[in-house]
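Nothing in this text is a laboratory measurement; each read-out follows from the coordinates by a stated rule. In this text the structure is predicted, and so the values were computed from the model without any measurement. Glycine gets a Cβ as well: all are built from the backbone with ideal geometry, and neighbour counts include every protein chain shown.
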Amino acid sequence: MSELITSDRVVPARVLDAERLAAEAGFAKSCIAEVGRLLRTAAAAKPGGVVAESGTGSGVGTAWLHSGLGDGARLVTVERDEELARGAAAIFADDERVSVLTGDWRLLERHAPFDVFFCDGGGKRDDPRRVVELLAPGGILVLDDFTPSADWPPRFEGEVDELRLFYLTHPELDAAEVLTTPTSSAVVAARRQGARQT
Ligand SMILES: C[S@@+](CC[C@H](N)C(=O)[O-])C[C@H]1O[C@@H](n2cnc3c(N)ncnc32)[C@H](O)[C@@H]1O
């Protein structure tokens, strides 16, 4: 395994492995490196924590999370596409801190509460309330693939973006929307201490 250094930016070897797998599988929904570095930061902030991801894809986001994973942390990710899950699992087979599950995102629930949750496939749109409930107090939620909006409330394609508004104004979250590129953004949120536990 070797890392790729582009200008001053290091791309972890497992990210490169997962990107290769994505290319071979024709999978085009992997997170971008700007989001990846956000994921690494979130994982590094919880060195003994439970780090979760819904929607493994080929493992690009998983690999970024893994690059910040503490010795005492665990990383659990789930993917419903069996072939992608199998390929991603092979990338992390040598690290017992990592579990790649195959099936619906709700398989993650038995590993909650999460100290970091990259909600990227399942949950984000279909059960946002449950997504928040699965966070530990102080747990960090990352959601990517939003389109920056100059309006408040935020709009997407002319309509109020109710989903983004839900996360940004949830009473149990302190949330921020951050630009990941000039044309894309992510929501990063922390669950307040003292919030109701599942
Ligand atoms: C945006 S892609 C994930 C990209 C990946 N997280 C990354 O950062 O490279 C979304 C993935 O979620 C998976 N997915 C969608 N709905 C799901 C569900 N209900 N349960 C599990 N996986 C799901 C899709 O098969 C797809 O691979």
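Other residues whose C-beta falls under 15 angstrom from the C-beta of residue 21 contribute a net charge of -3, scoring Lys and Arg +1 and Asp and Glu -1. How many angstrom separate the Cα center of the stretch 111-161 from the Cα center of the stretch 56-74? About 19 Å separates the Cα centre of the stretch 111-161 from the one of the stretch 56-74. Largest GNM mean-square fluctuation among 113, 182, 47, using the chain with Cα springs under 10 Å: 182.
For residue 57, the amide hydrogen comes within under 5 Å of no other amide hydrogen, counting only partners 5 or more places away or on other chains and with H modelled in the peptide plane. Across the alpha-carbon atoms of the stretch 1-90, the computed radius of gyration and Dmax are 12.5, 36 angstrom.
Taking label points 7 Å from Cα along the Cα-to-Cβ direction, residue 110 and residue 172 give a separation of 2.2 nm. Per-residue ellipticity at 222 nm, computed for the chain from helices alone with -39500 (n - 2.57) per DSSP H run of at least four residues, works out to -8500 deg cm²/dmol. Taking a sphere under 12 Å around the Cβ of residue 154 and counting the other residues whose Cβ falls inside, with K and R at +1 and D and E at -1, yields a net charge of -4.
Taking amide H positions as modeled 1.01 Å from N, with prolines and chain starts lacking one, the residues under 5 Å from residue 173 and 5 or more places away or on another chain are 192. Here the Karplus curve 6.51 cos²θ - 1.76 cosθ + 1.60, taken at θ = phi - 60°, turns the phi angles of the stretch 115-125 into couplings of 8, 9, 9, 8, 9, 10, x, x, x, 3, 9 Hz, with x standing for Gly and Pro.
Electrostatic tally near residue 71: other residues with Cβ closer than 13 Å to its Cβ, Lys and Arg +1, Asp and Glu -1, net +1. Normalised by the number of residues in the stretch 4-191, the mean separation of alpha-carbon contacts (under 8 Å, six or more apart) gives a relative contact order of 17 percent. When restricted to Cα atoms, the stretch 4-191 yields an Rg and a Dmax of 15.7, 47 Å, respectively.
Database remark: amide H of residue 136 closer than 5 angstrom to the amide H of 114, 115 (H placed geometrically; neighbours at sequence offset of 5 or more, or on other chains; Pro and chain starts carry no H). The Kirkwood radius of the stretch 60-99, taken over pairs of alpha-carbon atoms, gives through the Stokes-Einstein law at 20 °C and 1.002 mPa s a diffusion coefficient of 204 µm² s⁻¹.
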